[in-house]
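Rule-based calculations on the coordinates, nothing more; no lab input. Source: prediction; values computed, not measured. Backbone-built Cβ (ideal geometry, glycine too); neighbour counts: all protein chains shown.
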Protein chains: 2
Amino acid sequence: MTFLLVTGGAGFIGSNLTASLLAMGYHVRVIDNFSTGRRRFIEPVLQHPDFQLLESDLLDRTAVARAMDGVDAVIHLAANADVRFGWEKPGRDLEQNVTATHNVLEAMRHHHVERLIFSSTGSVYGESPLVPTPEDAPFPIQTSLYGASKVAAEGLVSAYAEAGHVRASVFRFVSILGPHYTHGHVIDFVAQLKRHPSRLKVLGDGHQRKSYLHVNDCISAIVKRLHADVDFEILNLGTENYCEVNDSVRWICERMNLNPAIVYSGGQRGWVGDSPFIFLDISRMKKLGWTPTFDIKSAIEDTVDWLLSNSWALKSAMLE
Amino acid sequence: MTFLLVTGGAGFIGSNLTASLLAMGYHVRVIDNFSTGRRRFIEPVLQHPDFQLLESDLLDRTAVARAMDGVDAVIHLAANADVRFGWEKPGRDLEQNVTATHNVLEAMRHHHVERLIFSSTGSVYGESPLVPTPEDAPFPIQTSLYGASKVAAEGLVSAYAEAGHVRASVFRFVSILGPHYTHGHVIDFVAQLKRHPSRLKVLGDGHQRKSYLHVNDCISAIVKRLHADVDFEILNLGTENYCEVNDSVRWICERMNLNPAIVYSGGQRGWVGDSPFIFLDISRMKKLGWTPTFDIKSAIEDTVDWLLSNSWALKSAMLE
């Protein structure tokens with residue numbers, strides 16, 4: 001198994017993964033519509049002899065079919081990954097996360113591409129009564145369109161796996177940090193502090209508890225399961241601890257040598273559908289021999305460093 | 001709250017519900033595309049002064065918007081409800097169960113229609129390790145496209161409820177039986193026996209354990225929660241026992257006075273994605289004052305009687 005298709009391969013996780021896979025000797029085809037992916041992220045590999053780029057949308061079924069040609073496995077990362085803005089365009093999560101995943105599954109079925117890695121999210125647990133949350137937590141109630149769309153896509157993947165059309169590993173991530181990070185609270189905070197070093201607005205009360213994983217650890221987990229002999233599995237990915245938004249604020253300010261006034265918007269949740277406590281039980285993945293190498297603090301610091309030395313990446317966040 | 005929109009109101013459950021609601025004094029608008037709904041089912045109410053029929057598809061957003069006009073609550077029953085044939089047309093569950101539900105939710109949001117009753121299914125539990133299965137059973141793995149599409153639709157409903165756009169009661173049904181029954185094992189068996197009274201082909205090994213509910217009991221549960229003051233709730237509906245497919249075979253044969261040879265296709269599952277044991281914990285709904293009045297045997301007998309005295313309803317099953 002040497003020829004891999006990475007959907008969303010120009011995105012945050014995808015571009016890091018693509019570079020790693022090429023370095024390991026895999027052939028990689030990326031399909032990306034550059035809606036959130038960035039050409040700059042894959043520029044270093046564009047001339048690599050084992051790299052192919054297909055600039056297409058997963059809603060274009062002909063393109064998806066073309067993307068399967070000769071492929072041994074699919075790593076499906078493409079998604080609308082911003083949980084906050086679901087209500088401005090409620091059809092987007094459905095199209096980009098559900099319909100797109102269905103198109104990938106149908107193309108795999110028709111082209112007899114069996115192996116699938118799918119990126120889901122800890123958001124599927126909604127506000128779980130069980131924390132740290134294991135993969136078989138109580139049947140969750142969805143609190144965001146993003147979570148609902150991912151649980152929908154997971155359901156499709158498992159139905160295809162059950163029927164023998166694919167063999168799938170589904171990863172439920174906490175939020176990922178690191179180089180090529182493009183959205184989320186760290187970029188918001190760094191962008192705010194670049195504009196106004198003396199004041200930082202924080203959504204919610206700062207006590208929301210979150211877990212973060214460095215993209216390198218996310219990639220090592222994917223690579224570890226790439227050749228796994230499984231029909232279907234679900235694996236949480238995260239770190240073994242969590243932090244408060246306030247911890248994150250402190251680490252970011254320290255890293256930037258700033259001491260701003262903090263202004264809280266108030267409330268337990270940063271936005272409608274924000275979960276006040278995300279912390280996943282990762283023992284299943286640890287038993288498979290994986291362990292995260294970055295703790296949350298160092299993952300945040302690495303992200304801040306990358307943002308500060310790549311100020312172009314901050315620009316879109318600063319326009320908001 | 002007197003003006004109700006029933007989607008799929010010409011279908012099996014919908015047509016029974018519509019007749020009951022009209023009898024109780026509600027105004028009812030039905031939207032149905034007659035893909036599985038039948039004009040014959042609603043003929044008795046077509047001239048009722050409080051009845052309106054909109055022959056439209058829920059994928060037509062303009063029609064869905066029109067359907068909301070003046071409505072106080074929506075009972076969303078329209079769906080592709082046949083779990084067996086998902087793999088012949090894998091996009092159908094997604095369109096008719098997910099996209100259609102999303103269109104209903106968006107139309108409700110835009111027209112400020114708050115109250116929603118949504119018909120989901122026990123199939124969302126896949127093959128649950130917990131039987132009888134409660135609403136908060138372990139996070140299930142989907143074993144059919146039908147189940148996957150319903151868990152997707154449920155997720156959308158709960159995300160809309162969480163964001164305050166709707167107040168929803170989600171019912172997870174076992175298979176429903178009774179007058180206007182149009183698909184499932186009872187019609188298959190009765191149709192087979194009408195053609196070949198001496199031989200009956202049964203999918204699987206006959207030991208699949210299933211639970212069935214009479215449509216009248218299903219309707220009484222919906223009516224009971226119609227005015228409930230809830231933001232979001234999930235309620236299992238079923239009977240307090242289950243039967244084997246073999247029990248059902250015996251009851252049907254006895255009711256038809258036949259003694260055919262039984263030919264099993266073999267295997268634990270009747271088809272890919274068939275769950276060998278469906279039995280729901282209904283204590284949550286019982287605590288709300290509802291209890292089923294038909295046991296499985298009498299529900300099956302009532303269905304056989306209706307099919308035998310409405311042989312036109314058997315025709316499509318006999319052509320298969």
**Study point:** Share antiparallel - DSSP beta bridges, region A:193-320, percent rounded to 5
**Key:** 40 percent
Exercise for review: Over the Cα atoms of the protein assembly as shown, compute the convex hull volume and normalise it per residue, giving Å³.
Suggested key: 149 Å³
Check your understanding: Build a GNM of chain A with springs between Cα atoms under 10 Å: which of A:A148, A:A19, A:A228 gets the top mean-square fluctuation?
Key -> A:A228
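Which GluC sites (Glu not before Pro) from region B:201-303 combine a DSSP loop assignment with at most 16 other Cβ atoms within 10 Å?
Of the GluC sites (Glu not before Pro), the ones in loops of region B:201-303 whose Cβ has at most 16 other Cβ atoms within 10 Å are B:E240.
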Study note, to complete from the structure: Of every Cα-Cα pair in region A:51-123, the percentage lying beyond 15 Å is 56 percent
Review point. Between copies, how close do the B:N257 label points come, placed 7 Å along Cα→Cβ, listed in nm from shortest?
Key: 9.9
**Study point:** Taking the convex hull of Cα positions in region A:165-235, its mean projected area over all directions (nm²)
**Key:** 6.8 nm²
Revision key, fill the gap. The answer for the net charge of residues other than B:L235 whose Cβ lies under 9 angstrom from its Cβ, with Lys and Arg +1 and Asp and Glu -1, is +1
Study note, to complete from the structure: Short to long, in 10 Å steps from zero, the percent of alpha-carbon pairs of region A:86-204 per bin is 12, 33, 32, 16, 6, 1
Check your understanding: How much net charge surrounds A:E127 when only the other residues with a Cβ under 11 Å from the Cβ of A:E127 are counted, with Lys and Arg +1 and Asp and Glu -1?
Key -> -1
Revision key, fill the gap. The Cα radius of gyration of chain B, divided by 2.2 N^0.38 Å with N its residue count, comes to 0.96
Practice item. Please identify, among B:D188, B:D305, B:D229, the residue showing maximal mean-square fluctuation in a Gaussian network model of chain B using a 10 angstrom Cα cutoff. Key: B:D229
Practice item. Provide an ascending nm list, one decimal, of label-point separations from B:G91 to the equivalent residue in each further copy; define each label point as 7 Å from Cα along Cα→Cβ. Key: 1.6
Point to revise | Highest-fluctuation residue, A:A23, A:A63, A:A163 considered, GNM on chain A with Cα pairs under 10 Å | key: A:A163
Point to revise | Average other protein chain Cβ within 10 Å of Cβ, residues A:122-134 | key: 1
Check your understanding: In region B:170-320, how does Rg compare with the Kirkwood Rh, expressed as the Rg/Rh ratio over alpha carbon atoms?
Key -> 1.00
Check your understanding: How would you classify region B:240-320 from its alpha-carbon gyration tensor, with a ≥ b ≥ c the square roots of the eigenvalues: rounded for a/c under 1.5, else prolate if a/b is greater than b/c, otherwise oblate?
Key -> oblate
Practice item. Could you work out, for region A:12-98, what percent of all Cα-Cα pairs fall into each 5 Å distance bin, beginning at 0 Å and stopping at the bin that holds the largest distance? Key: 3, 12, 24, 23, 19, 10, 6, 2, 0
Practice item. Return, for the Cα atoms of region B:217-272, the radius of gyration and Dmax in Å, separated by a comma. Key: 18.3, 53
Review point. Taking N as the number of residues in region B:139-185, what value does Rg over Cα atoms divided by 2.2 N^0.38 Å take?
Key: 1.45
Exercise for review: Mind checking which chain A residue has its Cβ closest to the axis relating A to B, and how many whole Å off it is?
Suggested key: A:A152, 2
**Study point:** For the protein assembly as shown, calculated [θ]222 nm from helices alone, where every DSSP H run of n ≥ 4 adds -39500 (n - 2.57)
**Key:** -10500 deg cm²/dmol
Practice item. Once the label point is placed 7 Å from Cα along Cβ, list for B:L314 the distances to the corresponding points in the other copies, in nm, shortest first. Key: 7.8
Exercise for review: Compare the Cα positions of B:I187, B:A159, B:F171 along the charge dipole of region B:129-225 (+1 at Cβ of Lys, Arg; -1 at Cβ of Asp, Glu; about the Cα centre) and return the one farthest towards the positive end.
Suggested key: B:I187
Exercise for review: Could you give log10 I(q)/I(0) at q = 0.16, 0.24 Å⁻¹ for region A:86-137, computed by the Debye formula over C-alpha point scatterers of equal weight, without solvent?
Suggested key: -0.70, -0.95
Point to revise | For region B:1-48, projected area of the alpha-carbon convex hull averaged over all directions, nm² | key: 2.9 nm²
Point to revise | For region A:241-255 versus region A:125-177, the gap between their alpha-carbon centres in whole angstrom | key: 27 Å
